[in-house]
Each structure stands twice: as structure tokens, then as C-alpha cells.
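Here's the structure, in C-alpha cells; my notes come after.
Quick note: the coordinates plus some simple rules give every number you see, no bench work behind them. Worth saying up front: this structure is predicted, and the values here are computed from it rather than measured. Backbone-built Cβ (ideal geometry, glycine too); neighbour counts: all protein chains shown.
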Amino acid sequence: MLSNVSGNTNGLTIPTQFRGDMPATMEGKYDDGSSNAGPSAWTSYQQWDTAFSAYTDDSIKLTSEFVNSLKDGSRVTLTFHFRSGATATYHVTRAGSTVNGTTA
């Protein structure tokens, strides 16, 4: 459903096969299990258009605001919650100005 991708701090476009099921929300947590990741660090749930969006049927976009808020070198686990109730897990790591996304 989600694909591996590399990008930069201008944002990250994750190629996605939605199969008719669009995302509703996204959670972001550092791999320490207790720290939230993203511009809304007080919650693991991140705001649509501020942290991510999915307006097309072929990708999820992580905004520059989201990727620039990530700690350098720390892996983040994203959980995408879809309207059907399904979830998908994805990992993102920022290293300087490079951002890598990998499937879980």
C-alpha cells in the first residue's frame, strides 16, 4: 500500500495505493515509545494539512512543517488510520536535509 521513498525537508511524497480507502488521521511517535513526533508534539495525532495531506489517489504528502519538526537522526513511526478502520505503519527518518521513508 505505501512505498519506500527519499526526499528532503521541503516535504515527502509517499507513493500510496489507496484501493478506495482514504486516510482519516495520522499518528507520529518516536521509537522511544513515549515521545510524540510532529509540529503538534502535545499529541501523537497530527493535523491534516499542517503535518500531512492526501488529496490525490496516489500519494500521502508529509509537509515541510512536519519533516522539519523531526529530531535529526531519530526514527519516527507513523500510523495512518484509514476511513475503513484499517491502519498502516510507516517509518520516517530525517538526517540533516534528507528524509527517508520506509514501509514497516
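For this structure, a couple of remarks:
- Within the range 47-62, the set of residues being more than 9 Å from the chain's Cα centre (by Cα) and either surrounded by 12 or more Cβ atoms within 10 Å (Cβ to Cβ) or without any contact (Cβ under 8 Å) to a residue 12 or more places away in the chain (or both) comprises Gln47, Trp48, Thr50, Ser53, Ala54, Tyr55, Thr56, Ser59.
- Of all residues in the range 51-75, those satisfying the criterion of being closer than 19 Å to Thr16 by Cβ and in a loop (DSSP other than H, G, I, E, B) are Ala51, Ala54, Tyr55, Thr56, Asp57, Asp58.
- Residue, farthest from Val99 (Cα to Cα), within the range 9-29, restricted to residues that are surrounded by 14 or more Cβ atoms within 10 Å (Cβ to Cβ) and touching a helix residue (DSSP H, G or I) at 6+ places or on another chain (Cβ under 8 Å): Gly28
- Selection status of Pro39, surrounded by 12 or more Cβ atoms within 10 Å (Cβ to Cβ) and either free of Cβ contacts under 8 Å to residues at least 24 places away in the same chain or assigned to a strand (DSSP E or B) (or both): no
- Condition broken by Ser69, with the remaining ones in (1) within 17 Å of Leu2 (Cα to Cα); (2) surrounded by 15 or more Cβ atoms within 10 Å (Cβ to Cβ) satisfied: (1)
- Subset of the range 17-36 (residues that are of a type in the set (S, T, N, Q) and either assigned to a loop (DSSP other than H, G, I, E, B) or over 18 Å from Arg94 (Cα atoms) (or both)): Gln17, Thr25, Ser34, Ser35
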